[in-house]
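Reviewing the structure listed below.
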C-alpha cells in the first residue's frame, strides 16, 4: 500500500471534532491501495491526549475519504513510523519539521483547483522533490531572505497587484545574471502564510528560475507578508503594510531563524539580506559564520531615523563583508551626513569596519571600494529607460555580491550590478521569463559599464 498521508483520529470517530492540516508524508506497505494525504490533529474540550491512538483510513485510489468511516479494516499505526521518512537526512528536529511542512507549489493552490486525489498526488510529488533538494549535500552558491507580496501604486494612479517582492527574489535575479557558466545555485528563505495564501504566480516565478524553494516556510495562523508600495514621481517609495501590526511575528517571517533554514541554505557560500540600521540582525550573521558561510552581504532596507552611535555604526558596517547602502541611507547614519562628500561617506563606512563598501547613487550610478586593497571604482548608470525602480537596488546588490564572492573582483561586480539593475528597472516587478532571456543583453550592458568605469582613491 502506497500511503501519501493519514487521517489521525481518536477511538471515537463519531465524536464532533475539528481538524487542521499540518503536513503529509510518504511510506510504503505491502498492499497496492492508496490513502489520501492529510495529517490532522484532534482537538476537543476534554483533557485527553489527542495523539494516543491513530488510524490509517484505507481509501480506494479513485475515491476520497468519507468522513472517518473506513472502506477497509483500519490499522493501528504509530506516528513515528509514519514521519520517519521525513526525518531522513535532516540534522535536527526543528529543521526536519520545517522541511516536512514545506511544499512551495502547494502555496499556489486556489479554490478552482479541486479534486482530492489530484491534490494528494501533486503534494506527494512536490514534497519528494523538496526533500531531495533540501538534503543535497552541496551548499547553495547564493541565498537571500524575505518574500513580500507587493501591491504597487504609481504616481499616475495606476496599480499592479500581487507582485513578487521583498528584496530576496530581486537579489537572486541579480545574482542569477552574474554567472552563466556554470550557473549559480540560488535559494530563498522566507516565511509564508500557513493557509496557502501566497499567490501561485509568485511561487511559479521562483521555480522557473530554478531557485530552491525548500526555504519557504509556512507559518501557522499567519498570512503571507503583503504591503502597498507607493512610488512618487521623483522616485521616493513608501511601504504601507496591509497586515495587522504583528511585530516580532512578522519580523520572524521576513527573516526566519537560522535554525529553521534548510541545510543547503544554512551553509550557503554567499548570503545577502537587508537589515534595519536601528536593529541589525547580528545573530543571523554569527549563525551563518558558524555554519561556514564565507561571504555575507548586507543592505539597509530603510534609512536610519536618527544617526547611529559609533558602536552601533561599527556593529552595522562590520557584521558582513559587503555593506551596500544607497545614498540616502548612508547619509542618515551620520550626524553630519548631509554635508559629507561621496568619498567621505565611503571612508567613514570603511573605517567603521566594512571590507567592501558599495554606495548606490540611483541615476548617478554607483561607487565601490575595497578597504583592504584600497581599490575604488565608480561607474554611471547604463539604464536605457525607467519603468519601475522597485527592486533595482536589490538586483544590483545580488549581482555584486555573487560576482565578488565568486572571485571576479569589485570592478567586475560593479559592471554586473549595473547590468542587472538596469534590466530590473525596465519591468514592473521581477522580470518575466528565465535568466537566459536576459543574459545577452545583460552582457552588452555590463560591457558598456566596464568601458565607463573609472578608478578613484580615498
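The values are calculated or read from the model by the stated rules, or taken from the named source; none is laboratory data. Predicted model, so just to flag it, every value in this text is computed and none were measured. Reconstructed Cβ throughout: ideal geometry from the backbone, glycine too, with neighbour counts over all protein chains shown.
Observations on the model:
- Residue selected from region 246-281 under the condition part of a helix (DSSP H, G or I) and without any contact (Cβ under 8 Å) to a residue 24 or more places away in the chain, by the criterion farthest from the chain's Cα centre (by Cα): 248
- If you check 233, 284 for being under 24 Å from residue 396 (Cα atoms), more than 15 Å from the chain's Cα centre (by Cα) and not in a strand (DSSP E or B), only one passes: 233.
- Qualifying residue in region 431-448 (condition: touching a strand residue (DSSP E or B) at 6+ places or on another chain (Cβ under 8 Å) and in the same structural domain as residue 207 (by TED's automatic domain parsing)): no
So that you can scan it fast, the table gives a plain yes or no per residue for (1) over 24 Å from residue 322 (Cα atoms); (2) assigned by TED's automatic domain parsing to the domain that holds residue 407; (3) loosely packed, with under 15 Cβ neighbours inside 10 Å:
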site: 185; (1), (2), (3): no, yes, no
site: 198; (1), (2), (3): yes, yes, no
site: 216; (1), (2), (3): yes, yes, no
site: 255; (1), (2), (3): no, yes, no
site: 294; (1), (2), (3): no, yes, yes
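- Residues of region 276-292 that are within 14 Å of residue 318 (Cβ to Cβ) and either out of contact with any helix residue (DSSP H, G or I) (no Cβ under 7 Å at 6 or more places or on another chain) or surrounded by 16 or more Cβ atoms within 10 Å (Cβ to Cβ) (or both): 277, 280, 281, 285, 286, 289.
- Of all residues in region 346-368, none are surrounded by fewer than 21 Cβ atoms within 10 Å (Cβ to Cβ) and in a strand (DSSP E or B).
- Verdict on residue 330 being over 23 Å from residue 392 (Cβ atoms), touching a strand residue (DSSP E or B) at 6+ places or on another chain (Cβ under 7 Å) and part of a helix (DSSP H, G or I): no
- Selection within region 386-407: residues that are assigned to a loop (DSSP other than H, G, I, E, B) and under 18 Å from residue 173 (Cβ atoms). The member of this set that is farthest from the chain's Cα centre (by Cα) is 386.
- Among the residues of region 409-432, the ones that are touching a residue at least 60 places away in the same chain (Cβ under 8 Å) and surrounded by fewer than 18 Cβ atoms within 10 Å (Cβ to Cβ) come to 2 in all.
- Top-ranked residue in region 186-200 [being outside any strand (DSSP E or B) and touching a strand residue (DSSP E or B) at 6+ places or on another chain (Cβ under 7 Å); ranked as farthest from residue 147 (Cα to Cα)]: 194
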